[in-house]
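The values are calculated or read from the model by the stated rules, or taken from the named source; none is laboratory data. A quick note: this is a predicted structure, and the numbers were derived from the prediction, not measured. Don't worry about glycine lacking a Cβ; one is built from the backbone with ideal geometry, like all the others, and counts go over all protein chains shown. Quick note on the areas: whole protein, heavy atoms, side chains included, nothing else; ligands and nucleic acids left out. Shrake-Rupley method; radii C 1.70, N 1.55, O 1.52, S 1.80 Å.
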Amino acid sequence: MPTSYLAKHPDAQGRIAYTPEENAIWRDLVARQWPHVQRLAARPYLDGLALSQMPQDKVPQCPDISVRLRDLAGWRVEPVPALISFGRFFAMLADRCFPAASFIRSRRDFDYIEEPDIFHEIFGHTPLLTDPRFAAFSQAIGAAGMRAAKEDYAWLIRLYWFSIEFGLTVEAGKIKVLGSGLASSPTELLWSVGEGNGQPERRPFEVIDILRTPYRIDIHQPVYFVLDRLDDLFDAAHRDLLADVAKARSLGLHSPKFPPKQKSA
Ligand SMILES: [Fe+2]
């Protein structure tokens, strides 16, 4: 996938020099998203957002976020180029290190950006990583990925996609946003809970069903999986995920619920 963004390189202390405009973009992204997540995000995300103590007026620095994550759940976050291989991604998760794209979107992409930027990585992901249970689940996916054959990567990553990135849950009978891809997206957050133009399909959280469900990264998801009990997610960390992948493979992928991606000229 071509990208118009360049990775920013940290100094010897792991800190990145963001421009005043980049800090202003962070401030404006947080200001817009804050009321949405307070209203629609699940309690574990909101508790983690408070615990992470991220700045609201400037782009956070990974070493500062890591201090909080290390104390709370034994994790750290490190800057990486925008796109890394599945192999490196799984290895970092297994090492309790969250890989964070370092650039921040421009105002041109303020509403939607296909590739993960640091707003998605820090505002979306790090709140859940303050919770030892989500941290353990993320580490378990990384560990399974390290044991997986390369051809199984794309199968395994769907479990991560439909839970950590785009999972929903239920609190007091209301659908709530759990995943980082939703917590960091002003438009998909609304769409996923049914406040958009139309209704996505919402299915119960079931590991084999998830592994068989294809997705596209560049559209709002047509289907989400809803965790009735968060413990179902943490129980999944103790499953033999590679046996689950083998079973899902034998059953085959579900038919996509989205149109094929148009090839650009
Ligand atoms: Fe992400």
For segment 132-156, what are the residues that are within 16 Å of the ligand (Cβ to nearest atom) and either free of Cβ contacts under 8 Å to residues at least 12 places away in the same chain or over 15 Å from residue 247 (Cα atoms) (or both)? 134, 135, 137, 138, 139, 141, 142, 145
I'd like to check something: does segment 159-167 contain any residue that is within 16 Å of the ligand (Cβ to nearest atom) and either farther than 24 Å from residue 75 by Cα or basic (Lys, Arg) (or both)? no
Within segment 123-138, is there a residue that is out of contact with any helix residue (DSSP H, G or I) (no Cβ under 9 Å at 6 or more places or on another chain) and outside any strand (DSSP E or B)? no
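Scan the strands (runs of 3 or more DSSP E) fully inside segment 158-265 and keep the ones with 3 or more residues being open to solvent by less than 10 Å² (accessible area, probe 1.4 Å).
The strands (runs of 3 or more DSSP E) meeting that bar are 223-227.
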Answer from 35, 44, 79 - the residue that is of a type outside the set (Ser, Thr, Tyr) and more than 17 Å from the chain's Cα centre (by Cα): 35
Please go through segment 116-151 and pick out each residue that is open to solvent by 20 Å² or more (accessible area, probe 1.4 Å), closer than 15 Å to residue 165 by Cα and out of contact with any Asp or Glu (no Cβ under 9 Å at 6 or more places or on another chain). 116, 120
Expected single match for open to solvent by 10 Å² or more (accessible area, probe 1.4 Å) and within 16 Å of the ligand (Cβ to nearest atom) among 55, 79, 35 is 79
When you scan segment 87-107, do you find a residue that is open to solvent by less than 10 Å² (accessible area, probe 1.4 Å), within 11 Å of the ligand (Cβ to nearest atom) and among the small types (Gly, Ala, Ser), even just one? yes
